[in-house]
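The values are calculated or read from the model by the stated rules, or taken from the named source; none is laboratory data. Because the structure is predicted, anything quoted here is derived from the model rather than measured. Cβ sites come from the backbone with ideal geometry, for glycine too, and all protein chains shown count toward neighbours. Accessible surface areas use protein heavy atoms only, side chains included; no ligands, DNA or RNA. Shrake-Rupley method; radii C 1.70, N 1.55, O 1.52, S 1.80 Å.
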Amino acid sequence: MYTAVMGYGTVGSGVVEVLTKNHDSIVKRSTQNELEVKYILDLRDFPGDPNEDKMIKDFNIILNDDDIKIVVETMGGLHPAFEFVSSCLKAGKSVVTSNKELVAAKGYELLSLAAENNVNFLFEASVGGGIPIIRPISQCLAANEIDEIAGILNGTTNFILTMMIEKNMSFEEALKLAQDNGYAEKDPTADIEGHDACRKICILASLCFGRHVYPDSVYTEGITKITLEDVAFVNAFGGVIKLLGRAKRMENGKIFAAVTPAIVLNGSQLASANDVFNAILVRGDATGDVVFYGKGAGKLPTASAVVADIIDCARNIGRKKPFGWGEATENYVVDYKTAENPLYIRAEVTDRDKAKAEIGEKIGNVKYLTFDGCSENEIAFVTENGVEAELLEKIGSVESISVKSLIRITDY
C-alpha cells in the first residue's frame, strides 16, 4: 500500500522519518503487506535529502494515482489544504492531517465527504500533538457523557506564563525567550492572542458534544494583558494563571465555550503543567476527571500521532470508521457571559477605604488579596461565584475603581 505526504516541513519530514525508522513494526500493525511513501509534495527543493527521489510539485500526480490509498496533509493553513484534502476524499483516498485550522473550520464538511466516499478523515495530531486525546475521547471514553473539557492547549503561552510565574519575567521578556528558544514564531499572534487554543477547543468541543463548533462562535482572549502584579496577587490567592480552552455542556442542550486566561488553584493537575507542556482535562459522568498530559508540539511527537492515524486508516481500508460529529446549529454556543464562576479583579484606586466601602455595597462579599510590595494605588479582590454578566454589571457600577485586569476562576 502506498501513501503520499503533502508538506515536507517540520511535521511532514517527521512523518516520513518515523515511517522509515519504524517501518517493519508499522507495517505489521497496519495489517498490510507494505506501507510505503510514494510521493512527497512540496513546492521547495530539498537537494541531497534522502527522499529527494520522491519529491513532486504537482498535486494531480497524487490525486490521479490509484495506488495512493492514504494521503497525509501537513501543509497547514486553509488553502490549498482544504481543496487538496476534499479532492482526495472524493477520489476515494483516506486523509490524515495535523492541521488544526483546517479541522476547526472545515471538519464537518470533510468528515461528511469521507463518509460519502467510504474513506476516513483522521486528525489525532491536530489538538495535542503527540498527546493522545481524539481517539481516547471517541473510543476509550465512549461510555461516558462528557460534561466538560478544559485544557492548556498551547505550549508557547504556557511557557510564557511559567516564566512570568517562576522567573518573575515580564510578558515581553518571556515572549522574547520563547522566540529565542524556538517555541514562539516571529509573529506570535496566533499563540499569544489565543487563536491556536481556540481552534483546538473547537475540535474537542465538536467531538465531545456532537455538533461542529466554529472558531468565530467562541469567545477568545489571549495573555497579552497579564502582568507580574496579576501573577503575584493570584499567587497570594493560592493559584496560578493559565490560558485555558474550555467547553461545557449546558442543561438546555447548548454548550459554553471560551478561551481565556484563567486561575487554577495550586494542587490542580492543570496548575502543575508548566513550561511547554499541555494538559487536557476531560470530565465524564462515569470516569470523573481524566487528565492527558505531555508535549503538545514538536517534530516527532506530532509525527507519532500522524503515523498512528495512518495505521488506523490502513486497518480500515474499504470501510468508514464510526467517527465524527453533526452539523452546527444556530446559537449552539451560548454567550460566554452566561457562565457562572468567581472573578479576580485588579483595579486602580485613589481612596482604598472608599473603594472597599463601595465594593461591599455594590458587589457584596469579596476576598481581598495582597502581597509584599504591592502598590497602594491598586486593589485586588475575588468575587463570590456568580453569573459573569451579573458580576460585570455590579463591578461596572463601582465608580471608585478603574479595572485593570479581570480573570476567571475555575474549579479544575
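Quick notes
- Calculated on the alpha-carbon coordinates, the convex hull of the chain measures out at 144 cubic angstrom per residue.
- Relative contact order [Cα under 8 Å, 6+ residues apart], the chain, whole percent: 18 percent
- Two-decimal Rg/Rh across the range 23-121, once Rg and the Kirkwood Rh are taken from alpha-carbon atoms: 0.97
- Considering only Cys140, Cys208, Cys313, the mean-square fluctuation computed in a Gaussian network model of the chain, springs between alpha carbons under 10 angstrom, is largest for Cys140.
- Accessible surface, per residue, of the chain when the full set of protein chains is kept, probe 1.4 Å, Å²: 44 Å²
- Farthest towards the positive end of the charge dipole of the range 210-300, among the residues Ile263, Ala279, Phe237, is the Cα of Ala279, using unit charges on the Cβ of Lys, Arg, Asp and Glu.
- Rounded percent of accessible protein surface that carbon and sulfur make up, the chain, 1.4 Å probe: 46 percent
- Between the range 340-379 and the range 180-246, the alpha-carbon center distance in angstrom: 26 Å
- Using the Karplus relation 6.51 cos²θ - 1.76 cosθ + 1.60 with θ = phi - 60°, the per-residue 3J(HN,Hα) values for the range 135-142 come to 5, x, 5, 7, 10, 5, 9, 5 Hz, with x marking Gly and Pro.
- The GNM of the chain, with springs linking C-alpha atoms under 10 angstrom apart, assigns the highest mean-square fluctuation among Thr287, Thr220, Thr157 to Thr287.
- Entries in Lys367/Lys394; Lys225/Lys404; Lys93/Lys299 that, when Cα-Cα distance is taken, lie over 18 Å: Lys93/Lys299
- Ratio of the Cα radius of gyration of the range 79-212 to 2.2 N^0.38 Å, where N counts its residues: 1.22
- Set of lysines with alpha-carbon distance to Lys248 below 23 Å, sequence-local pairs under 8 removed: Lys100, Lys106, Lys200, Lys337
- Cα pair distances exceeding 16 angstrom across the range 262-361, given as percent: 80 percent
- Zone residues, the range 393-409, relative to Lys362, backbone N less than 13 Å from point 7 Å out along Cα-to-Cβ: 393-403
- Positive-end residue, the range 1-74 charge dipole about Cα centroid, Cβ charges, pick of Thr3, Val27, Ile56: Val27
- Taking each residue as 0.36 nm, the span from Lys186 to Lys21 lengthens on full extension beyond its C-alpha to C-alpha distance by 56.2 nm.
- Take the Cα of Asn266, go 7 Å toward its beta carbon, and the backbone nitrogen atoms of the range 149-179 under 13 Å from that spot belong to 166.
- Counting only DSSP H runs of at least 4 residues, each contributing -39500 (n - 2.57), and dividing by the residue count of the chain, the helix-based mean residue ellipticity at 222 nm comes to -10500 deg cm²/dmol.
- Distance from the alpha carbon centroid of the range 44-95 to that of the range 258-296 works out to 35 angstrom.
- At R0 = 35 Å, FRET efficiency that the Cβ-Cβ distance of Asp351 and Asp216 yields, to 0.05: 0.25
- Computed about its Cα centre, the charge dipole of the chain is approximately 960 debye, with only Lys, Arg, Asp and Glu carrying charge at their Cβ.
- Positive minus negative residues near Asp285 (Lys, Arg vs Asp, Glu; Cβ under 11 Å): -1
- In sequence order, calculated HN-Hα J values of the range 297-310 (Karplus, 6.51, -1.76, 1.60; Hz; x Gly/Pro): 8, x, 4, 7, x, 5, 4, 4, 5, 5, 5, 4, 5, 4
- Distance between the modelled labels on Leu78 and Lys38, one decimal in nanometres: 3.2 nm (7 Å Cα→Cβ projection).
- Choice from Arg199, Arg352, Arg211 with maximal GNM fluctuation in the chain (Cα, 10 Å cutoff): Arg352
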